[in-house]
Amino acid sequence: MYYVGVDIGGTFTDCVLVDRQGNHRSAKVLSTKDDPVTGVLAGLGQLAETAGVDLPTLLERTERFGHGTTIGTNAVLERRGARVGLVATAGHGDALLMMRGAGRAAGRTIESVFRVHGTGLPAPLIVPGAVAEVQERVDASGTVVVELDTAAAAEQITRMIWEYDLDSVAIALLWSFANPAHENALAQAIPDAFVSVSSQVSPRLGEYERTVATVLNGYVGPATSGYLSELASRLATPLLVMQSNGGVLPAAAATPLGTLDSGPAGGLIGVATLAGAYGHDQVVGTDMGGTSFDLGLVIDGKPVVAEVNVIDQYTYRLPHLDVRSVACGGGSIAWFDEATGGLRVGPASAGSEPGPACYGRGGTEPTVTDADVVLGLIRAETFLDGRMPLDRAAAVAAVGRLADRAGLTVAETAAGILRINNMQAATVIRQQTLERGLDPRDFVLYAFGGAGPVHAFGYAAESGVREVVIPLGNGASTLSAYGIASGDVVLYHELERSLLAPFDGAALATAVTEVRDAALAGLAAAGVPGEPVVEIDALMRYREQLMHSLEIPVSPPADGASLLAGFDKEYVRRYGEGGTALFEAVEVFALRARVSVPAGIPLPRPEPAGSAGSALAGHAPAGPERTDVYWPGRGWARTGVYRGAPAGTITGPALVELAHTTVAVPHGASLSAGPLGELRLKEF
Amino acid sequence: MTIWDGVRRSYIPGETLCIPGTLRMHTGTADVDPVTFEVIRYSLMNTNLEHGQTIQRLAVSPVTMITRDFQPSILTECGDLVFLGPYLQYFSNAQALTIKWILENRAGNPGIEPGDMFASNDPYVGTPHQPDTIVAAPVFVGDELFCWVANVMHHSDVGGTVMGSFCVDATDIFSDPPAFPPFKLVSRGEVRRDLEEMFLRQSRVPTNVHMDLRAAISANRVAVAKIAALAGRYGADTVKTVMNRVLDAGERTVTQRLAGIPDGRWSHRLYAEAAHTGDAGVYTYQITVRKQGEHLYVDNAGTDPQTGSINVTYAGFSGAFLAALTASLTADLAGAYGGVYRRVHFDPVPGTLSCADFPAAVSPAGIYTMETLISLSGAVIGKMLSCAEPEMAGLAIGPAHPAFYGFIAGGAHPTGEPFVATNADNMIGSLAASPAGDGVDFGGHFWIPEGTASNIEELELLWPMLHLYRRALNAGADGAGQFRGGRGFVEAGIPWTVPGLAAALYVDESFPKAVGPFGGNPGSAGHFRLRHGTDVIARFAAGEVPQDFDAIDGAEAEVEAKGPMLMMGADAAWEWTGANAPGFGDPLARDPGLVEADIDTGALSAEAAERVYGVVPGDEATRTLRAGRLAARLAGAVPPATAPVTVPADVPLRVLAGELAMTERDGSPEAFVTVTGRAVLALAGSNFKDGCAVLERPLHSVAPEFATRDGRAGYQARYREYLCPVTGLRVDSEIVKPGDEPLHDIVIAGAGA
């Protein structure tokens, strides 16, 4: 029986297969954007071939078929979603339009946020004008202030659907999370449209973000559902769909909104799954690709969850794996800032078109990848297994022009580009760990993505992390697909409930039971068999600290005193003794239940002694060959080159060339294959 | 001799600071390569950003955590700004001034030592108004003062006669909240409880202020530790060199930009109404910028003498101008603005509304005079940029809202616990139109880039109110132009679950203050309305949430600008507005296609399209209607003293903005002309307005959007249009007091009169 994971990315569709013994195989094919199903079938065909079976057999033997899709994300970014209309409380239909006055700056980089010129609001998500404000009102306590005339409102909405030719309706009423009666009544009464209801999609305080969540769900819903049913019918197999929260759900139960941004979540869930297998509790997962550097943390074995997300300047709330992205990848462009006399890297990126100068596709600006080539960390002739030879002369010329302006040698400039890029990556690592009161030195860093393993020694050292793991060895470049294959079924339920310390035990217990039961009911409705695991967090803060939230685990039976102690402990850990403010009351403002059914994916299969890595992609360690590498801080050195993961331990300086990336092992560092096929870099 | 000492008069530091020799200052330098430079620059920038994020997380006041009414900074050992965060920009100069004052006045007694932090909310030293409290922390390396970390934060209430501490009824500082000159709040790492309690004692909401003050201290601590670690790793001399090079780079950048602007002088004036509660006077603010070589010289001559509560000190004046300048000219420096400031020289007239002497009241400045000065600065900088190289002319960002439309209510929760509700929904904002195009609807404010309005649900969670609506304002005559200003919002509410509330602060203008550049219409006047004894609750019971304030039964209260606290019973209802921002250029010159697009999205009614823009269905009908409007303007206008002369079609024009252009002779400005009519208005050294046809009317008669009642200040305000004498298109316009001379506001040096 197989576990299959399929991840459709912008350029490649990755497929991973894991069998009962933990053997895994992967396939990488070009994505077919206009008809993604074709790309998926091609990938699965290749996968079947590697597994020595035909496609129908592979599908027949597949027990869990996990799938991550970017259909929804693309629909938003390209504004090719459904024709959505909004239903709002009378007087509040413009909340989406006004965006709290923050729409111009939301989600923009710090370098651009000061800039007024050329900034504006994003294109609308609803059909302009398609807003039905219905007469109804609920107050902050959930009490109905103005009754809903369901029939009249339904008629009004039906008229809007007709007038604006809508195929999707988003219902987002004020305070609906405190009392969903009016939303539910309307949802029942609306005919023939894809209906999204805010108290179900994002039942949290804040009508703007809740409306965005609901509208986005309606915007991507029809296309996402259509695509998933088509894929399911062509594969004749039930699908589990990857959600941004790091779990999967049966296609019929998956919320379209949850599929937005699910790609990066796949990588982090892969990290978390493997961290369990490798025996790591605290992990920094880093994915450095062509344009961005994605980072997520695993703390105490669990991937970190965040609430607020921004897509194309629209802010919404949904529990999702907290994967931060900064613009420092292989394609980041280096430039000389005449005003300061400093060398800068990014945020502009050459992307994949035209790409770095060494790609020979017309790019002339020096990028991080060009610096790698200049330094010899990436060998021009063996890039991507020799399938895409690079133009070293173009890289040298591009970096050389920058070197002339900076008054440095070409090698110094290239090394400087790496140092600055590493610094930027390390800054995010440091921010993410120290902000939580955690010491980066307690973390193991997992490096994957095309540009991750080649730079990991640099940004790991800069951030203080002591060990680097290249998970799955050769399989590191398809880690997201692995994560999708390995993802548990996960469903979140949230409940806004204000409880002030000292907590009333009965009220706390009621709330905990309520959120737990709702989550379990959701799981039952999704039709997922298996024994669910329930985890509950209380979201806490000092009262009125609206922008702050600490998640404190609640273990039933809920005990107010230990909850409060947990909050104090966490607050002190993050902000120090002086930070606690005993003069203000602590409150629980919401509860979040996570129910999951473990996927139970088998551990990666231990490799037979002496052939570590060879099973991963069929590369026998050859060599070592020798090449000249300029190691930042040390200068040129003859460096051993290994093709494929080596047996035993090697010491730097060395390069290990894998299928889609290179692991750089600096002087004094050691690289060894772990018992489960991963590579471990130490003492860098 | 004028003594700018921060006691009798605002503090303005001299070229060199008088610091006792006992305080050892770090001034070391080192050679820093381009790579190390960037690594350290990036670290410092992030340290400052993380400082801001810490404040945001730990603070409890919505005005801090959501509105972003705060600002962290890193400054050199002598208080020069290295990095400013993306928060409130008119705090640009506040920390620098306060730190320099501390260096000159506190180094001897009580001394400046490692682990210390100084707090101050004294406007005569450095803060724009008393709620904005600075906490500044010196960073030491060894026994040398290496640099400073500081933040400013708006506190919900720091005392004074009015809840929320915007004391519009103050006639001098003794009715304002207390102003504390810098005091050592933290001594060698320990919070001085005596001084902390002294500060908190002034507040109506001490618990709230306590949380926020502790957030400020904690955030400073984190930033100090990070900078000390950076100096430890790379060496203090290296880090200091990077700081100085960041400053030098800012200076180099602004110098290059200034090279694209001809030498000259530009002025603008704005009015305020009501100096204090019970007053209905109109007062003048003026700013003039002179550009000479690589420097800017800024003065406030023409501004009325200080009076009532509508004053600011030097900190406010300079802070507002620098905020508008950096946003217009050097936003790409992303907060590394200290070097820019080196090229801006202020020469304020003391004793005035915009540079008041002690003991003038200043506490309402945060919603009135600071915005007035930012708007004024934006307008004058826009005029300057209109004369610059074409690619720089597009950097003009237009006049911001001249007030921060807001609402502060107070009362008690059903539990009896008192509250002060600062509603900063005006963060929804709107941007002015500019030569580049329409202003951004709901685009916030350029001077507080990340500012965010509360959700209605957040307001109703925090305070006992229910909001009937919060919706977009329609585009209308207010904000109209060839490019229209961004749209603002209007909201209405009632007290909820309590017997009543008090409206402590509200903004009700009897006329709009900010006119659109180069013939654009003024933006909206902000309004606050109140009805007592309404039928809202009865209408709830009948299944209706009232959506039209005019249709709510009840007695309308007469509201005044800066009026007294208004008591509101459980059956009261209020409505208040933000504002549509000013337009740019003549509304009759707007592309009819853009007008129709606004009708299609519901932003503009067909009625307003015809009335304001002269756009009706059909191209020909629109042309005819507009031609008739232009002819009517000229028929009603006073023609120029001499009959207009036009320049031939083959003479090249250099367009400045809208309908205003210049001809040049031998590369020098020759004459002001109009773009469409090609009418010569004046020789380049004279006032172009001299050659315009002038149409002047009471402002309230221009459009229903500008209506007010007789007896209010705005009833006397006049709208003066300077028209092309050939076409009737507006070249410029002014809001004036009766009898005001035309402002000679654009003077390009080297142009003969």
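The values are calculated or read from the model by the stated rules, or taken from the named source; none is laboratory data. Everything numeric here is computed off the predicted structure, so don't read it as measured data. Here the Cβ positions follow ideal geometry from the backbone for every residue, glycine too, while neighbour counts run over all protein chains shown. Heavy atoms of the whole protein, side chains included, go into the accessibility calculation; ligands, DNA and RNA do not. Shrake-Rupley method; radii C 1.70, N 1.55, O 1.52, S 1.80 Å.
Some observations on this one:
- Built amide H within the under 5 Å cut-off of A:V305, gap 5+: A:D322
- Backbone HN-Hα couplings from phi across the range A:405-422 [Karplus 6.51/-1.76/1.60, Hz, Gly and Pro as x]: 6, 7, x, 10, 6, 4, 5, 4, 5, 4, 5, x, 4, 5, 4, 5, 4, 4
- Remark on A:F12: its backbone amide H falls under 5 Å from those of A:S31, a criterion applied only to residues 5 or more positions apart or on other chains, H modelled at 1.01 Å from N.
- The B-A contact accounts for approximately 6900 Å² of buried accessible area, totalled over both chains at a 1.4 Å probe radius.
- Cα coordinate range in the range B:342-452, projected on the principal axes (Å, largest first): 62, 39, 21
- 69 Å tail of the calculated P(r), the protein assembly as shown, as % of Cα pairs: 7
- Coupling constants for the range B:271-280 follow from the phi torsions by the Karplus curve (6.51 cos²θ - 1.76 cosθ + 1.60, θ = phi - 60°), and in residue order they are 10, 10, 10, 6, 6, 6, 4, x, 9, 10 Hz; glycine and proline get x.
- The mean number of Cβ atoms from other chains found within 10 Å of a Cβ in peptide A:541-553 is 5, as a whole number.
- Using heavy atoms of the protein chains and a probe of 1.4 Å, the accessible area assigned to B:V35 is about 10 Å².
- Of the residues B:D116, B:D248, B:D535, A:D628, ranked by 1.4 Å probe accessible area with the largest first, the sequence reads A:D628, B:D248, B:D535, B:D116.
- Carbon + sulfur, % of accessible area of chain A - ligands and nucleic acids excluded, 1.4 Å: 52
- Calculated SAXS-style log₁₀ I(q)/I(0) at q = 0.10 Å⁻¹ - the range B:640-753, Debye, Cα scatterers: -0.34
- Among beta bridges identified by DSSP and lying wholly in chain A, the antiparallel ones come to about 70 percent.
- Cα coordinate range in chain A, projected on the principal axes (Å, largest first): 79, 60, 52
- Taking the 1.4 Å solvent-accessible surface of the range B:99-198 as the whole, the part contributed by carbon and sulfur is 47%.
- Where B:T171, B:T207 fall by accessible area, highest first, once all protein chains stay in place (1.4 Å): B:T171, B:T207
- The distance linking the range A:126-158 with the range B:161-180 is 44 Å (Cα centroid to Cα centroid, whole angstrom).
- Coordinate range along principal axes, alpha carbons of the range A:301-359, Å, largest first: 42, 30, 29
- Two-decimal log10 I(q)/I(0) for the range B:150-219, as the Debye equation yields it once each C-alpha is a single scatterer, q = 0.28 Å⁻¹: -1.38
- For the range B:388-501, the solvent-accessible area with a 1.4 angstrom probe is 22 square angstrom per residue.
- Here the calculated FRET efficiency for A:E570 and A:V308, from their Cβ-Cβ distance with R0 = 25 Å, stands at 0.85, rounded to the nearest 0.05.
- 10 Å Cβ neighbours from other chains, averaged over peptide A:132-142: 4
- A crude spin-label estimate for the pair B:A30 and A:R626, with each label 7 Å from Cα along the Cβ direction, gives 3.7 nm.
- Restricting attention to the range A:65-203, close to 15% of DSSP beta bridges with both partner residues there are antiparallel.
- Evaluated at q = 0.28 Å⁻¹, the base-10 log of the normalised Debye intensity for the range B:542-605, with identical point scatterers placed on the Cα atoms, takes the values -1.39.
- Per-residue ellipticity at 222 nm from helix content only, as computed over chain B with -39500 (n - 2.57) for each DSSP H run of at least four residues, stands at -8000 deg cm²/dmol.
- Shape category assigned to the range B:568-638 from the gyration tensor of Cα positions, a/c cut at 1.5: prolate
- Burial ranking of peptide ranges A:347-356, A:365-374, B:6-15, B:536-545 (average Cβ count within 10 Å, highest at the top): A:365-374, A:347-356, B:6-15, B:536-545
- Where only alpha carbons of the range B:289-338 are counted, the Rg and the Dmax (Å): 13.4, 39
- Rounded if a/c under 1.5, otherwise prolate or oblate - the range B:1-151, Cα gyration tensor axes: oblate
- When the listed pairs A:K569/A:K682; B:K383/B:K562; A:K569/B:K184; B:K689/B:K737; A:K302/A:K569; B:K383/B:K513 are checked against a 25 Å cut-off, the alpha-carbon distance exceeds it for A:K569/A:K682; B:K383/B:K562; A:K569/B:K184.
- In terms of accessible area, using a 1.4 Å probe and ignoring ligands and nucleic acids, A:L434, A:L472 rank largest first as A:L434, A:L472.
- Accessible area expressed per residue, the range B:1-131, with surrounding protein chains retained (probe 1.4 Å, Å²): 28
- Computed accessible area, B:F442, all protein chains, 1.4 angstrom probe, square angstrom: 0
- Under-5 Å amide H pairs with B:D132, H placed in peptide plane, nonlocal only: B:H155
- Distances between every pair of Cα atoms in the range B:184-328, grouped in 5 Å steps from 0 to the bin holding the largest one, split as 2, 7, 10, 11, 10, 12, 12, 14, 12, 7, 2, 0, 0 percent.
- In terms of its C-alpha gyration tensor, the range A:1-135 comes out prolate, because a/c is 1.5 or above and the ratio a/b outweighs b/c.
- Cα pair distances exceeding 14 angstrom across the range A:400-491, given as percent: 72
- Residues in the range A:271-285 carry Karplus couplings, in order, of 4, 5, 4, 5, 4, x, 5, 7, x, 10, 9, 10, 9, 9, x Hz; the curve used is 6.51 cos²θ - 1.76 cosθ + 1.60 with θ = phi - 60°, and Gly or Pro positions show x.
- Helical segments meeting 20 Å axial Cα length and Kyte-Doolittle -0.5 threshold in chain B (DSSP H): B:34-58, B:206-234, B:236-258, B:314-329, B:369-386, B:619-636
- Radius, Kirkwood style, for the range A:124-192 when every pair of distinct Cα atoms is counted (Å): 12.6
- Label-to-label distance, A:D167 versus B:A627, with points set 7 angstrom from Cα along the beta-carbon direction: 4.9 nm.
- Antiparallel bridge percentage (DSSP; both residues within the range B:352-499; nearest 5): 95
- Using just its DSSP H runs of length 4 or more, each adding -39500 (n - 2.57), chain A gives a mean residue ellipticity at 222 nm of -10000 deg cm²/dmol after division by all residues.
- Shielding by partners - mean other protein chain Cβ count within 10 Å, residues of B:332-341: 3
- Of the peptides B:334-342, A:191-199, A:452-460, the ranking by mean beta-carbon count within 10 Å, highest at the top, reads A:452-460, B:334-342, A:191-199.
- Peptide packing: for A:266-278, A:419-431, B:415-427, the average count of neighbouring Cβ atoms within 10 Å per residue gives the ranking A:266-278, A:419-431, B:415-427, highest mean first.
- Rounded to the nearest 20 debye, the dipole size of the protein assembly as shown about its Cα centre is 2600 debye, using +1 on the Cβ of Lys and Arg and -1 on the Cβ of Asp and Glu.
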